[in-house]
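Since the structure comes first, as structure tokens, the remarks are kept for the end.
The values are calculated or read from the model by the stated rules, or taken from the named source; none is laboratory data. Quick caveat, the model's predicted, so the values are computed rather than measured. Quick reminder, even Gly has a Cβ in these numbers, built from the backbone with ideal geometry, and neighbours come from all protein chains shown.
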Amino acid sequence: MVQFCANEPAILLAAAKLVEDRCDAVDINFGCPQRIARRGNYGAFLMDDLPRVEALVSTLARNLRVPVTCKIRIFPELERTLQYARMIEAAGCSLLAVHGRTREQKDSSKHRADWAAIAAVRSALRIPVLANGDVRDLNEAHACMQATGCVGVLSAEPLLRNPALFDANAPHDATEAAESRPAEWPAMLAVEYCDAAQEHTPTPLRMVRGHIHKLLGHWLSEFTDLRDALNSTHRTDGSGAPTLKTLADVRAVCVEAQHRIRAIYQSEHGRRVPVPKLSARALQREEEAAAKAAAIAAQEMEDNHPYGGSSAKRPREVEPSCEPCTQAA
């Protein structure tokens, strides 16, 4: 499937025509809630212009040889969501993915996905429906399908942290994974990802770096030198060249993380979780901040002196007279 964001039916159709012979379906993303989608007027912000949504779907459905699929978010009101979904189905959508959060609920840690709303959409449509939201391991995937009646599920952020989430032969949840997988499992996935990126497609280094941070993020809070090395892919040294120049350099960082995690597990009684610490740069920033605070405090103390901050303004002490005292007889 090839997914597009768009807001002009003719331009979308021209783009879809370029790929229709190279994919099984073309998907339109009506679910993106990010600021870039607001600026570009696409994704979930087309929920304010439903006639345009209908035109985008129907234009593709009438003119492509492959099916058209869509992904949406829900409205706060269930009835509006159902009307929205029915409209997309009538326009020619062959499969609908429903993210069970509103456009404003971008933080998945604060807002649970509304599986009941997804189930209502599934019951209202004749086409297959996929559920999206709060699918963080295989057990939750099965629970979501049972709760919603959907034919499948989608996962976004959790898959970035664990690309093996849908592996039926892998542990089904985090507890099982912690007990059965090697401690260095996240780093093993990171190495495998680097190999896949090298083999299948020329992936920009900044994209690779972002994925590695998702896979190793919690361990990078302890291996701060490795974190700084990864972050250096978008900075330059004195010669103007990136510190990590190639995908092989990034892979080497992942291999080093793998060795360190295994060593920690073996030497520290099976420790599987990182111990966060400050990096050298963070420590330097703290020291600089402390020195600055001390200088400010010293200046304030001097300014609050009863004679003012400048010694030039203070009265001079009078020297005792050296002349002999005379006594009255």
Is it the case that the stretch 6-23 has a residue that's of a type in the set (Asp, Glu) and closer than 27 Å to Ala119 by Cβ?
no
Is it fair to say Val191 is under 20 Å from the mean Cα position of the chain (by Cα), part of a loop (DSSP other than H, G, I, E, B) and among the β-branched types (Val, Ile, Thr)?
no
The conditions are (1) in the same structural domain as His211 (by TED's automatic domain parsing); (2) modelled with pLDDT of 85 or more; (3) of a type outside the set (D, E, K, R), and Val273 fails exactly one of them. Which is it?
(1)
Inside the stretch 194-208, the number of residues satisfying the requirement of being charged (D, E, K, R) and either outside the structural domain of Val253 (by TED's automatic domain parsing) or at pLDDT 90 or above (or both) is 1
Which residue pairs have Cβ atoms closer than 7 Å, lie 6 or more positions apart in sequence or on different chains, and pair a first residue in the stretch 249-271 that is more than 20 Å from Gln198 (Cβ to Cβ) with a second residue that is in a helix (DSSP H, G or I) and among the small types (Gly, Ala, Ser)?
Ile261/Ala187
So which residues in the stretch 101-115 are touching a residue at least 12 places away in the same chain (Cβ under 8 Å) and more than 15 Å from Gly43 (Cα to Cα)?
Ser108, Arg112, Ala113, Asp114, Trp115
Across the stretch 128-141, what is the total count of residues that are crowded, with 17+ Cβ neighbours inside 10 Å and in a loop (DSSP other than H, G, I, E, B)?
5
Looking at the stretch 145-173, I want the residues that are over 25 Å from Ala120 (Cα atoms) and at pLDDT below 85 and have a partner that is charged (D, E, K, R) and surrounded by fewer than 15 Cβ atoms within 10 Å (Cβ to Cβ) with Cβ atoms under 8 Å, at least 6 apart or on another chain. Which pairs are those?
Pro171/Glu179
Which residues, taken from the stretch 181-229, are over 18 Å from Glu157 (Cα atoms) and touching a residue at least 60 places away in the same chain (Cβ under 8 Å)?
Pro182, Ala183, Glu184, Met188, Val191, Cys194
